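Asker: Please find one structure pasted underneath; my questions will follow.
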Amino acid sequence: MIISMKRNSSREEIEAVRQRIEDFGYKIHQIQGEERVVIAAVGVGDVTPCLEALEMMPQVEQAVRISAPYKFVSKEFRKEPTRIPIKSFEIGGDEFVVMAGPCSVESESQIMQSAEAVAAAGGKVLRGGAFKPRTSPYDFQGLAEEGLKLLRKAGDATGLAIITEVMSDGDVPLVAEYADILQIGARNMQNFALLKSLGKAGRPIMLKRGLSSTIKELLMSAEYVVAHGNSDVMLCERGIRTFETITRNTCDIVAVPVLREMTHLPVILDPSHATGKRSLVPPLAKAGVAIGADGLIMETHPCPEKAWSDGAQSLDLQQFGKLMRELQPFIGLWGEQRKGG
Ligand code: PEP
Ligand code: MN
C-alpha cells in the first residue's frame, strides 16, 4: 500500500496514520516529498481492512493497493510519466534527449572537442567517466576529481548538462557537486549502499541495467533510490550478457516498451555498450527512437583509435554528427507518437 498524506499534515497527524498502519501489522517506510509525506506500508495478507480504515482518516489524501514489490516506481502508483527537469529541458517529457561524449574524460582538449561536437549536433547532455569501473585493475581508472572539473568546464562552455558515473556511496557528494545527472553503472546496479545514498544526492539518477539483471531487478533497484527520497530516476537499457558473443552484450530492445508499460520512469537506450561495435550503433540508435525510448546515451570521441577506453564502440565526431542528422526523421515521428499518447 502507498498512503499519501494531505499537504501540510502535522507531525501528530502523520504519527496517528503510522500508528494505525502498524496496528494492522505492516512495516512502514516514510518518504518526505517536496509537498507531502508518502508512506509505503509493506506486509502480507489482505490489505482491504487497513485500506478502508486509512481512507476514513481525514489527513489521508489517498491510500492505494500496490501488489508489485516495486511500488513507488510502478504504473499502479503513478500513471503519468515522470518528467525530470535538467537545466532548461526535461527527460521523460515531449523532447527526445540525446546524451553523448567519450567513455572516459582524458584531457581538456578531448572533452572540449567532444562537447562542442555534441552541442553542435543537437545533443543536450555531455557524458564522460571520471570514475571508471574497469574489468582489469591495470586499465585506466579515470581522472577522478580532475576529470569532473574538466567535464564541468566543457559543459559550462557549451551549455550542455553533464552526466558522469559515481561508483561508491562515499563519492556521491563529490560527484554531485559537479554533475547534473549521476550515472550508476551496470556493475553497481545492485550496490545497495550506493543506491540508498542516492536518496539524498540532490541530483537526478540514471540507473543502468546490470549485466545479468532482470527487468524486475532493475525496477527493484530504482525502488531503492525512490524509497530513500529521490524520485528523479531514469532507467537505462545497455544490453545484457547472453550466450551470444558477436556483440559485446545482447540488447534487450523490447525492455524499452516493457519498462514503459511497467513504470512511469523515463527509459534511455545505450546502443554503444549494448553492441560494443561502432558500425552497429547507428542502426540500434534508430531502433531505440522508433521503439519509444525517452533518449539515447552514446559514446563519441575525437579520435576513437586512441581512446583510453571503449574506442571500438565510439563514433568519431563526424560519424556522430551524421547519425544525429539521420535520427531527425525518427525523432520527428517520435514526437508525433508522443503527442498522440
Ligand atoms: C559507461 O557508461 O562507460 C559504462 C561503464 O557503462 P556500463 O556501466 O553500462 O557498462
Ligand atoms: Mn564506456
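The values are calculated or read from the model by the stated rules, or taken from the named source; none is laboratory data. For clarity, every value in this text was computed on a predicted model and none was experimentally measured. Neighbour counts run over all protein chains shown; Cβ positions are idealised from the backbone, glycine included. For the accessible areas, the whole protein counts, side chains as well, though only heavy atoms, and no ligand, DNA or RNA atoms are used. Shrake-Rupley method; radii C 1.70, N 1.55, O 1.52, S 1.80 Å.
Asker: Counting only heavy atoms of the protein chains, get the accessible area per residue of the chain (1.4 Å probe) and round it to a whole Å² value. Let's see the in-between values first.
Answerer: Working: 15150 Å² over 341 residues.
Result: 44 Å² of accessible area for each residue.
Asker: Further question: Would you work out if segment 84-339 is rounded, prolate or oblate? Take a ≥ b ≥ c from the square roots of the eigenvalues of the alpha-carbon gyration tensor; rounded if a/c is under 1.5, else prolate when a/b is larger than b/c, oblate otherwise.
Answerer: On the way: a/c = 1.19, a/b = 1.01, b/c = 1.17.
Verdict is rounded for segment 84-339.
Asker: Restricting to segment 84-339, compute how many DSSP beta bridges are antiparallel as a %, nearest 5.
Answerer: On the way: 4 of 31 bridges.
Percentage antiparallel, nearest 5: 15.
Asker: Rounded if a/c is under 1.5, else prolate if a/b is larger than b/c, else oblate: which is segment 2-64, with a ≥ b ≥ c the root eigenvalues of its Cα gyration tensor? Mind showing how you got there, number by number?
Answerer: Details: a/c = 1.77, a/b = 1.54, b/c = 1.15.
In terms of gyration-tensor shape, prolate.
Asker: Can you give me the relative contact order of the chain as a percent, contacts being Cα pairs under 8 Å and 6 or more apart? Provide the component values of the computation, followed by the final result.
Answerer: Values: 713 pairs, mean separation 51.8, N = 341.
After rounding, I find 15 percent.
Asker: Show that you can apply the helix-only estimate: for the chain, add -39,500 (n - 2.57) for every DSSP H stretch of four or more residues, divide by all residues, and state [θ] at 222 nm to the nearest 500. Spell out each step's value before the answer.
Answerer: Working: 11 runs with 120 residues, N = 341.
Using -39500 (n - 2.57) per qualifying helix, the result is -10500 deg cm²/dmol.
Asker: While we're here: What's the center-to-center distance, using Cα atoms, between segment 152-180 and segment 245-310 in Å?
Answerer: 21 Å
Asker: A further question on this structure: Output needed: percent of Cα pairs per 5 Å distance bin for segment 103-195, bins running from 0 to the one holding the longest distance.
Answerer: Percent of Cα pairs in each bin: 3, 16, 25, 24, 18, 10, 4, 1.
Asker: Could you pull out the pairs from K132/K277; K149/K208; K75/K339; K71/K132; K75/K208; K87/K208 whose alpha carbons sit more than 27 Å apart here?
Answerer: Values: K132/K277 19 Å; K149/K208 23 Å; K75/K339 20 Å; K71/K132 31 Å; K75/K208 20 Å; K87/K208 22 Å.
Checking Cα-Cα distances, K71/K132 exceed 27 Å.
Asker: On to the next question. What is the sum of charges, Lys and Arg at +1 and Asp and Glu at -1, for the other residues whose Cβ falls under 12 Å from the Cβ of K6? The partial results should precede the final answer.
Answerer: Details: positive: R7, R36; negative: E13, E35, E61.
Once positives and negatives cancel, what remains is -1.
Asker: Further, regarding this structure: Can you list which of the GluC sites (Glu not before Pro) found in segment 193-255 are DSSP loop residues with at most 11 other C-beta atoms within 10 Å? Before the final figure, lay out the partial values.
Answerer: On the way: sites: E217, E223, E237, E244; in loops: E244.
The qualifying sites are E244.
Asker: Of all the accessible heavy-atom surface of the chain, with the other protein chains kept in place and a 1.4 Å probe, what percent is carbon and sulfur?
Answerer: Numbers: 7790 of 15150 Å².
Carbon and sulfur atoms account for 51 percent of the accessible area of the chain.
Asker: Roughly how much of L143 is accessible, in Å² to the nearest 10, using a 1.4 Å probe?
Answerer: Rounded to the nearest 10, that gives 50 Å².
Asker: Pairwise over distinct Cα atoms, reciprocal of the mean inverse distance: report the Kirkwood radius of segment 222-310 in Å, one decimal place.
Answerer: For segment 222-310, the Kirkwood estimate is 14.1 Å.
Asker: A follow-up question, please. Sorted by accessible area with a 1.4 angstrom probe, largest first, how do K339, K286, K27 fall?
Answerer: Details: K339 180, K286 50, K27 150 Å².
The residues order as K339, K27, K286, largest area first.
Asker: Using Cα pairs closer than 8 Å and at least 6 residues apart in sequence, work out the relative contact order for segment 106-213, in percent. Walk me through the numbers before you get to the answer.
Answerer: Values: 171 pairs, mean separation 24.0, N = 108.
Answer for segment 106-213 is 22 percent.
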